[in-house]
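Single-structure report; data block below.
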Amino acid sequence: MLVGGNSGVYEGTIVRQGAVLAAGVILTRGTPVFDLVNGTILRANEELPLIIPQNAVVVPGSRAVSKGKGHERSQEWGLSLYAPVIVKYRDDKTDLSTTLEDLLR
């Protein structure tokens with residue numbers, strides 16, 4: 001696993017082997033993670049913590065506020081919320097980048 005700077009993995013979160021968390025990724029039990037590759041949203045539930053799949057590459061992202069109190073105001077102001085996003089799963093290029101990162105450390 002590779003964790004970039006200013007990242008945080010907090011209670012109620014499991015990150016599986018080989019995952020890459022880019023700089024600035026924050027993971028908590030209550031944070032949904034948007035998996036663009038599989039078209040799913042990962043969430044914790046009553047029995048299970050938030051689980052980041054093996055070899056997932058997670059980057060910080062954002063999503064527009066689309067419902068709830070203040071929805072119209074948030075659209076007017078152009079507000080969005082933090083949202084971690086799985087953009088791909090590890091491949092040869094990712095492995096090369098993480099190897100280089102290990103060498104530089």
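The values are calculated or read from the model by the stated rules, or taken from the named source; none is laboratory data. Everything quoted here is computed from the prediction, not taken from an experiment. Cβ coordinates were reconstructed from backbone atoms using ideal geometry, including for glycine residues, and neighbour counts include every protein chain displayed.
Surrounded by 13 or more Cβ atoms within 10 Å (Cβ to Cβ), in contact with a strand residue (DSSP E or B) (Cβ under 9 Å, 6 or more places away or on another chain) and touching a residue at least 12 places away in the same chain (Cβ under 8 Å): is that true of Gly30 in this structure?
Details: surrounded by 13 or more Cβ atoms within 10 Å (Cβ to Cβ): no; in contact with a strand residue (DSSP E or B) (Cβ under 9 Å, 6 or more places away or on another chain): yes; touching a residue at least 12 places away in the same chain (Cβ under 8 Å): yes.
When the stated conditions are applied, Gly30 does not pass them.
Step by step: first the residues of the stretch 4-21, then only those that are more than 17 Å from Val87 (Cα to Cα) and either in a strand (DSSP E or B) or of a type in the set (Asp, Glu) (or both), then the one that is farthest from the chain's Cα centre (by Cα). Which residue is that?
Glu11
So which residues in the stretch 37-78 are aliphatic (A, V, I, L, M), within 18 Å of Gly18 (Cα to Cα) and assigned to a loop (DSSP other than H, G, I, E, B), if there are any at all?
Val37
Do we find a residue being touching a Lys or Arg at 6+ places or on another chain (Cβ under 7 Å) and at positive phi anywhere in the stretch 26-40?
no
Given (1) under 17 Å from the mean Cα position of the chain (by Cα); (2) closer than 22 Å to Asn6 by Cβ; (3) modelled with pLDDT under 95, identify the lone condition not met by Asp102.
(1)
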